[in-house]
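Asks: Let me give you the structure first, and then I'll get to my questions.
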Amino acid sequence: MKEMQSLYLLVPLAPLVGALIAGLLGRVIGPTWSHRATIGLMIVCVVASVTVFMDVLQGNTYNGTVYTWMITGDARFEIGFLIDQLSATMMVVVSFVSLMVHIYTIGYMHNDPGYQRFFSYISLFTFSMLMLVMANNFLQLFFGWEAVGLVSYLLIGFWFTRPTAVYANMKAFLVNRVGDFGFLLGIGLVLMYFGTLDYASVFSQAPQLAHQTIEIIPGSPWMLLSVTCILLFVGAMGKSAQFPLHVWLPDSMEGPTPISALIHAATMVTAGIFMVARMSPLFELSDTALSVILVIGGITTLSMALVAIVQNDIKRVVAYSTLSQLGYMTVALGASAYSVAVFHLMTHAFFKAVLFLGAGSVIIAMHHEQDMRKMGGLKKYMPITYWTMFMAALASSGVPGFSGFFSKDAIIEAVHFADIPGSGFAYFCVLSTVFITALYTFRLVFMTFHGKPRMDHHTEEHLHESPWVVTLPLTILAIPTICAGWLIGPMLFGGYFGEAIYFSPQHGAVAQMAAEFHGVVGMMTHSLSTAPFWLSIGGIFTAWYLYMVRTDLPAKIKQAAGPLFILLDRKYFIDEFYSWLFAGGARALGAGLWKIGDVKVIDGFVVNGTARMVGLTAVLVRRFQSGYIYHYAFTMIVGVFVLISLWS
Amino acid sequence: MSSGFPLLSLIIWLPIIAGIAVLATGGDRNASMARWLALAGSIAGLLVAFPLYSGFDVLMGDMQFVEYHPWIEHFNIHYHLGVDGIAMPLILLNCFTTPLVVIAGWQVISNRVSQYMGALLIMSGIVNGVFSSLDAILFYAFWEASLIPMFLIIGIWGGPNRVYAAIKFFLYTLLGSLLMLVAFIYLYRASGGSFSIQDYHKLPLPLAPQILIFIAFLLAFAVKVPMWPVHTWLPDAHVEAPTGGSVVLAAILLKLGGYGFLRFSLPIVPDASQYLSGMMITLSLIGVVYIGLVALMQADMKKLIAYSSVSHMGFVTLGFFLFNAYGIEGAMVQMISHGFISAAMFLCVGVMYDRLHSRQIADYGGVANKMPVFAAFFMLFAMANAGLPGTSGFVGEFMVIMAAIKVNFWYAFLAATTLIFGAAYTLWMYKRVVFGAVANPAVESLKDINHREIFILTILAAAVLWMGVYPMPFTEVMHTTVDDLLAHVARGKL
């Protein structure tokens, strides 16, 4: 048991040490030893994570303190680990994808002047993310939460001389801060009513507070847990990029591609999903919060998938796809199917990492060209990239047999069975998005790899498959992309998550699904007679027809759609609206308060005004001290008269 | 805990005597000697402060290291010193900062070196005196004396508009503190002829005089903190002050105001403090939000950090008047953390100012290309200023927000906006100054920080991270004192 505890420590500390080595000594030890050190320590981290995972499968969970951070008032704040099925799953996914991205980076960032810095950042990210998932209390969760935000900020702005990159990273940080604002208030309510931030004690007290009300607006009592859960979910909306806080994620594509795969697809953005799943004992007690989650998730799923159809930048297509897939996970949370959300989180981590890393491989081959209109026919030059991406596209579209099929179908089923208000709307969104997902994913595949080459002659001559450090991670990640879904039986319906996820007896979606589940093969054969399958096939077929057969049609549709196309192309004008209202508003308000409040009123009128009054009085009083005797005599006489007339 | 050894006297007078010795080295021919002597004096000042921490009994609520000698017996004035869990950390912060400021001015200050270094050391001793005085007149003497060295530092080594700034600083703070003296005289008569602060704590007072005394104290302390709307001297003072002056001003002198609230307002007039807490909370929250927005629009880096200071100090006064342990301890933590972070931020601006002689954001851009090591340090401190968990900046704000939500959800709501505004003004400045392509030939000529600068920033970085990762030792020393204070305030005097 003691050995296991040191292993728990080793999991986050190994990448932290790697980050310090590459960050502080990077210049001394050079690029090669920097990546050797970080990757070596990442291997240690993966091995330790897998060992912990195996141990957890034996039923050995752990909840304990590492050290006491602070004691104040009546509360103890501690740094500690909660190792159970949920965190162990996340640890394996995070460390494994991170290791793959570390290896991939050798190829992608080759010869970049910031090579060591990059390795330092991604190792630091891995540390932060592991601290987040292993936390046993809200404070440490918040620490990891903000720390991954910091590294994301640093990595989006990695190429800091690009104006777009440093704009995008600030935007990402600030939008995330808006989410964290709600998150921190949620944590505040938890501390106030539960008197602790420790998960176990909060969750055990939750049922007693189920009917507690709080008057945030005096005179209107609201359910405490609904308010708390919605505030916590605002944090998740920021981190997991849910509408209307999604605006930072597409712009985050300014960062190097490996981090788009690691941070902005596979791991960090799923932190919000993980958090809600972790808090299931709280969320289960508030149907209001679950409704909000369902509706927000539904809107994100559908609206972002629609935008993905009109993107031409290969990374942006994948980015909007990520937004839409995060919407799926959110919907699953709202349907009270937390385990399903985590399951989709896992399969998505694999197939989306492949899509991103594959896109990166294409970008290297194309000499950093990202516009799909200038690609085409890459299949014969880059077979490994093509086939791995093809598998990931099938998984993403939900074709039976591939990982994405199982998790996405489970979500659709869960929403179907859910009876929480808003589930009808969410069901419509997730179902229609199946078609759109298949359409935009295969649009990407066809535009990039099939058809006639559209790049210039020079680029075409130099096209070749990426080096092994790039294709190896792709190939390794392609394996779970195909088969991770086959675990659906044991993971969702076999009591895999144990007590890590709590289901209220009122919410029966997962139980109902379990009753109807007849094995992986049964699920696949059954799907052939259901709508999602045909929608997905229809989407692929449509993409094939539009981008392989009648390539003149997309332009005509664009013409015909007119304003609708503009609306999608400009992403519903949300960016413009925010920059006008919030960025402009804050600047105008700040300038007003400064120029008028500080400079004119306080300093101009009160402070310098007082000084001027003193000055004026002095000028007046000085007149009396003229030095002429007759002035003084005159004043004296006037004074005497006044006194006499007053007292006589 | 009084072992008989006059430790506090040593902590006060050693830097002052060292400062006089530095002054005695005379003109700039002996500049090098003045520097080394100042460094030795400041380090000795830090070393003698260590026993204060190691010998401090965290479980004792009473004053420790007490010294008590008659001074002016006719008026019952005593040389009465002692510290509790509130004063002790602030003394350590002061002793910690002084050597850093001396080193920071090592090459930068080249004229009248001995006077500059002497002023710094003397001020350090005076401030220790403020934090350890238990006699109102002794306190008042140190309090007013602390103005003089800072007035000189701004007025002599400051920027082009230094005279206006120095006089504004002096008059603003002097006007505030005169009313405090009036309050002391009232208390002297009410208590039957005592200037002992501890006697005042026990002195029963009706509500009406309590309110008047509270307002008299408020003017003195609010100007120092500074609270909105009496903050306008601070941006001017910072902009004109040399880097070392700004560091001392932000890291140490602002804390005098916060300390005053805890030593005088809350315990002497507890009922008035509670009666007027709504007003105090409102002013603090206006400070946090209004000043946060004003900071966003600053074109001068020092002004921006000065406004950011005001906004962060808003958390301190907010924490005090919530009357719970999270709030007061959080406010104390915030004061110490602000000491580290604002010092580091002003030093970072100083590093750039020394090279390009401009504080305008617009004159920079792409600094990271030429000064990568500096950019990394600046990033850390910028993030600490934005309250990132894992840095000291988070701890105090977190505690005060947790305290606020217990009192009223909307207090916490407004205070938490600093998460957004604080990040916005800090990172926007960082983006415009550090990121981007090299903006102009002046930036192209920049050289990265030298060993001296790395040394100072490393120490501050370690402090910021230590307090962020393990704040326990900082809060541990305050518990008993804060609990006693809260119990005292809750009992009231009516």
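Asks: Give segment B:311-331 a look and list any residue that's more than 18 Å from B:PHE394 (Cα to Cα) and more than 10 Å from every other protein chain (Cβ to nearest Cβ), or say none. I'd like the intermediate steps shown before the answer.
Replies: Filtering segment B:311-331 down to residues more than 18 Å from B:PHE394 (Cα to Cα) leaves B:321-324.
Passing the criteria: B:PHE321, B:LEU322, B:PHE323.
Asks: Still on this structure: If I go through segment B:375-406 residue by residue, how many of them are among the β-branched types (Val, Ile, Thr) and either assigned to a loop (DSSP other than H, G, I, E, B) or more than 10 Å from every other protein chain (Cβ to nearest Cβ) (or both)?
Replies: Adding up the residues that qualify gives 2.
Asks: How many residues are of a type in the set (Lys, Arg) and crowded, with 19+ Cβ neighbours inside 10 Å if we restrict to segment A:349-385?
Replies: Selection size over segment A:349-385: 1.
Asks: In segment B:341-356, is there at least one residue being within 11 Å of chain A (Cβ to nearest Cβ) and either hydroxyl-bearing (Ser, Thr, Tyr) or out of contact with any helix residue (DSSP H, G or I) (no Cβ under 6 Å at 6 or more places or on another chain) (or both)?
Replies: No; the residues of segment B:341-356 include none that is within 11 Å of chain A (Cβ to nearest Cβ) and either hydroxyl-bearing (Ser, Thr, Tyr) or out of contact with any helix residue (DSSP H, G or I) (no Cβ under 6 Å at 6 or more places or on another chain) (or both).
Asks: Taking the criterion of being touching a helix residue (DSSP H, G or I) at 6+ places or on another chain (Cβ under 7 Å), within 14 Å of another protein chain (Cβ to nearest Cβ), surrounded by fewer than 17 Cβ atoms within 10 Å (Cβ to Cβ) and in a loop (DSSP other than H, G, I, E, B), would at least one residue in segment B:170-184 satisfy it?
Replies: Among the residues of segment B:170-184, not one is touching a helix residue (DSSP H, G or I) at 6+ places or on another chain (Cβ under 7 Å), within 14 Å of another protein chain (Cβ to nearest Cβ), surrounded by fewer than 17 Cβ atoms within 10 Å (Cβ to Cβ) and in a loop (DSSP other than H, G, I, E, B), which makes the answer no.
Asks: Residues of segment B:413-427 being within 8 Å of another protein chain (Cβ to nearest Cβ) and either buried (at least 23 other Cβ atoms within 10 Å of the Cβ) or not in a helix (DSSP H, G or I) (or both), which ones? Step through it out loud before you land on a result.
Replies: Pass one, segment B:413-427, residues within 8 Å of another protein chain (Cβ to nearest Cβ): B:413, B:416-417, B:419-421, B:423-424, B:427.
Residues satisfying the conditions are B:ALA416, B:THR417, B:LEU419, B:PHE421, B:ALA423, B:ALA424, B:LEU427.
Asks: Enumerate the pairs (first residue in segment A:579-591 and facing chain B (nearest Cβ under 7 Å); second residue anywhere and small (Gly, Ala, Ser) and surrounded by 15 or more Cβ atoms within 10 Å (Cβ to Cβ)) with beta-carbon separation below 9 Å, excluding pairs fewer than 6 apart on the same chain, so at least 6 apart or on different chains.
Replies: Note: pairs meeting the criteria are A:ALA586/B:ALA424; A:GLY590/B:GLY292; A:GLY590/B:ALA295.
Asks: For B:ALA208, only one of the following conditions fails: (1) of a type in the set (Gly, Ala, Ser); (2) within 17 Å of the chain's Cα centre (by Cα); (3) surrounded by fewer than 23 Cβ atoms within 10 Å (Cβ to Cβ). What is its number?
Replies: Condition not satisfied by B:ALA208: (2).
Asks: Within segment A:215-227, identify whether any single residue is within 12 Å of chain B (Cβ to nearest Cβ), at pLDDT 90 or above and more than 18 Å from A:ILE501 (Cβ to Cβ), and answer yes or no. Spell out how you get there, then give the answer.
Replies: So the first thing to find is which residues in segment A:215-227 are within 12 Å of chain B (Cβ to nearest Cβ), and the list is A:215-218, A:222, A:224, A:227.
Subset that is at pLDDT 90 or above: A:227.
Imposing the further condition that a residue be more than 18 Å from A:ILE501 (Cβ to Cβ) reduces the set to A:227.
So far as segment A:215-227 goes, yes, one or more of its residues are within 12 Å of chain B (Cβ to nearest Cβ), at pLDDT 90 or above and more than 18 Å from A:ILE501 (Cβ to Cβ).
Asks: State whether the residues of segment A:38-49 include one that is without any contact (Cβ under 8 Å) to a residue 60 or more places away in the chain, assigned to a loop (DSSP other than H, G, I, E, B), surrounded by fewer than 22 Cβ atoms within 10 Å (Cβ to Cβ) and more than 14 Å from chain B (Cβ to nearest Cβ).
Replies: No: zero hits.
Asks: Follow-up. Criterion first (in contact with a Phe, Trp or Tyr (Cβ under 8 Å, 6 or more places away or on another chain), among the β-branched types (Val, Ile, Thr) and surrounded by 12 or more Cβ atoms within 10 Å (Cβ to Cβ)) does A:ILE540 satisfy it?
Replies: yes
Asks: I would also like to ask the following. Output the residues belonging to segment B:27-65 that are touching a Phe, Trp or Tyr at 6+ places or on another chain (Cβ under 9 Å) and within 30 Å of B:ASP199 (Cβ to Cβ).
Replies: Result: B:ALA49, B:PRO51, B:LEU52, B:GLY55, B:PHE56, B:GLN64, B:PHE65.
Asks: Which residue out of A:PHE183, A:PHE125, A:PHE158 is within 11 Å of chain B (Cβ to nearest Cβ), within 30 Å of A:HIS102 (Cα to Cα) and of a type outside the set (A, V, I, L, M)?
Replies: From the options A:PHE183, A:PHE125, A:PHE158, the qualifying one is A:PHE158.
Asks: Looking at segment B:439-483, which of the residues that are more than 16 Å from B:LEU347 (Cβ to Cβ), assigned to a helix (DSSP H, G or I) and away from chain A (no Cβ under 14 Å) is modelled with the lowest pLDDT?
Replies: B:ALA442
Asks: Which of the residues belonging to segment A:161-175 are under 17 Å from A:LEU249 (Cβ atoms) and more than 7 Å from chain B (Cβ to nearest Cβ)?
Replies: Listed by number, the residues that qualify are A:THR164, A:ALA165, A:TYR167, A:ALA168, A:ASN169, A:LYS171, A:ALA172, A:VAL175.
Asks: Mind checking which residues of segment A:407-428 are more than 13 Å from A:MET329 (Cβ to Cβ) and in a helix (DSSP H, G or I)? It would help to see each step written out before you state the result.
Replies: If we filter segment A:407-428 for residues that are more than 13 Å from A:MET329 (Cβ to Cβ), which is where we start, we get A:409, A:413, A:416-425, A:427-428.
The answer is A:ASP409, A:GLU413, A:HIS416, A:PHE417, A:SER423, A:GLY424, A:PHE425, A:TYR427, A:PHE428.
Asks: If you scan segment B:346-384, which residues turn out to be within 19 Å of B:GLY105 (Cβ to Cβ) and either among the small types (Gly, Ala, Ser) or without any contact (Cβ under 8 Å) to a residue 60 or more places away in the chain (or both)?
Replies: Passing the criteria: B:GLY350, B:HIS357.
Table: residues versus (1) outside any helix (DSSP H, G or I); (2) more than 28 Å from B:LEU81 (Cα to Cα); (3) away from every other protein chain (no Cβ under 14 Å).
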residue	(1), (2), (3)
B:ALA237	no, yes, no
B:LEU249	no, no, yes
B:THR282	no, yes, yes
B:TYR290	no, yes, no
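Asks: Still on this structure, please answer the following. Name the residues in segment B:116-169 that are surrounded by fewer than 20 Cβ atoms within 10 Å (Cβ to Cβ) and of a type in the set (Ser, Thr, Tyr), would you?
Replies: B:TYR140, B:TYR164
Asks: For the structure I just gave you, tell me whether A:VAL178 is facing another protein chain (nearest Cβ under 9 Å) and either more than 30 Å from A:GLY64 (Cα to Cα) or touching a residue at least 60 places away in the same chain (Cβ under 8 Å) (or both).
Replies: Here the answer is yes, as A:VAL178 does meet what is asked.
Asks: A:GLY64 is checked against (1) within 13 Å of chain B (Cβ to nearest Cβ); (2) under 30 Å from B:VAL58 (Cβ atoms) and fails just one. What number does that condition carry?
Replies: Of (1) within 13 Å of chain B (Cβ to nearest Cβ); (2) under 30 Å from B:VAL58 (Cβ atoms), only one is false for A:GLY64: (1).
Asks: Filter segment A:187-205 down to the residues that are surrounded by fewer than 21 Cβ atoms within 10 Å (Cβ to Cβ) and of a type in the set (Gly, Ala, Ser), then identify the one that is nearest to the other protein chains (Cβ to nearest Cβ).
Replies: Checking each candidate, the answer is A:GLY195.
Asks: Name the pairs whose Cβ atoms lie under 8 Å apart, with the first residue in segment B:453-465 and under 14 Å from B:THR391 (Cα atoms), the second polar (S, T, N, Q) and crowded, with 16+ Cβ neighbours inside 10 Å, and 6 or more positions between them or separate chains?
Replies: These pairs meet every condition: B:ALA463/B:SER392; B:VAL464/B:SER337; B:VAL464/B:THR391; B:VAL464/B:SER392; B:LEU465/B:THR391; B:LEU465/B:SER392.
Asks: Just for helices (runs of 4 or more DSSP H) wholly inside segment A:193-261: which have at least 1 residues that are under 21 Å from A:LEU155 (Cα atoms) and out of contact with any strand residue (DSSP E or B) (no Cβ under 8 Å at 6 or more places or on another chain)?
Replies: Counting at least 1 such residues, we get A:224-239, A:248-251, A:257-261.
Asks: Also, quick follow-up: Would you be able to say whether some residue in segment A:462-471 is in a helix (DSSP H, G or I) and within 19 Å of A:LYS315 (Cα to Cα)?
Replies: Within segment A:462-471, the subset in a helix (DSSP H, G or I) is A:468-471.
Imposing the further condition that a residue be within 19 Å of A:LYS315 (Cα to Cα) reduces the set to A:470-471.
Yes, the conditions are met somewhere in segment A:462-471.
Asks: What number goes with the only condition from (1) out of contact with any helix residue (DSSP H, G or I) (no Cβ under 8 Å at 6 or more places or on another chain); (2) on the phi > 0 side of the Ramachandran plot that B:GLY26 does not pass?
Replies: (1)
Asks: Here's a follow-up. Would you point out which residue out of B:SER308, B:SER337 is more than 12 Å from chain A (Cβ to nearest Cβ), farther than 22 Å from B:PRO372 by Cα and in contact with an Asp or Glu (Cβ under 9 Å, 6 or more places away or on another chain)? Talk me through it step by step, then tell me what you get.
Replies: Details: B:SER308 fails: in contact with an Asp or Glu (Cβ under 9 Å, 6 or more places away or on another chain).
Unique residue meeting the criteria: B:SER337.
The values are calculated or read from the model by the stated rules, or taken from the named source; none is laboratory data. Remember, predicted model here, so these are calculated numbers, not experimental data. Because the Cβ atoms are built from the backbone with ideal geometry, glycine has one as well, and the counts that use them run over all protein chains shown.
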